[in-house]
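Each remark here refers to the structure printed beneath this line.
The values are calculated or read from the model by the stated rules, or taken from the named source; none is laboratory data. Note that this is a predicted model, so its numbers are computed, not measured. Heads up, the Cβs are rebuilt from the backbone with ideal geometry, glycines too, and the neighbour counts pull from every protein chain shown.
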Amino acid sequence: MQKPSWTITKNLIDDVTRAATAPAHLQKAGYAFRLLDDDREVYFHGRNAHNGGEEMFRPLDALQAAYGVTTIQYHMGGRWVTI
């Protein structure tokens, strides 16, 4: 079975922190991201093992329809960057 490439660590809609239940390889490794809606409200924080290509958009693709998130940002160089 393939390891998941990304995980949600904080769900701000339900105020749930999941860092402790994230897959071990993503708890502190990987790249921090957050998902926002059209009003720029942050819904989720997470970590992604990939920092390039289509894999960067998988969290957005997976949660867009269910939660209305429209933007993914990655923490790069000390600031959040919209991809």
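Counting just the residues of the range 60-82 that are surrounded by 13 or more Cβ atoms within 10 Å (Cβ to Cβ) and either in contact with a helix residue (DSSP H, G or I) (Cβ under 9 Å, 6 or more places away or on another chain) or of a type in the set (Val, Ile, Thr) (or both), which one comes out nearest to Asn48 (Cα to Cα)?
Applying the filter and picking the extreme gives Tyr74.
Between a residue in the range 42-69 that is touching a residue at least 40 places away in the same chain (Cβ under 8 Å) and hydrophobic (A, V, I, L, M, F, W, C) and any residue that is surrounded by fewer than 13 Cβ atoms within 10 Å (Cβ to Cβ) and not in a helix (DSSP H, G or I), which pairs come within a Cβ distance under 8 Å, given they are 6 or more apart or on different chains?
Short answer, once both residue conditions are applied: Ala49/Lys3; Ala49/Ala29.
Going residue by residue through the range 7-28, is there one that turns out to be of a type in the set (Asp, Glu) and modelled with pLDDT of 95 or more?
No, that holds for no residue.
Sort out which residues of the range 46-79 are assigned to a strand (DSSP E or B), more than 16 Å from Pro4 (Cα to Cα) and within 12 Å of the chain's Cα centre (by Cα), and write them in order of number.
Within the range 46-79, Thr71, Ile72, Gln73, Tyr74, His75 meet the criteria.
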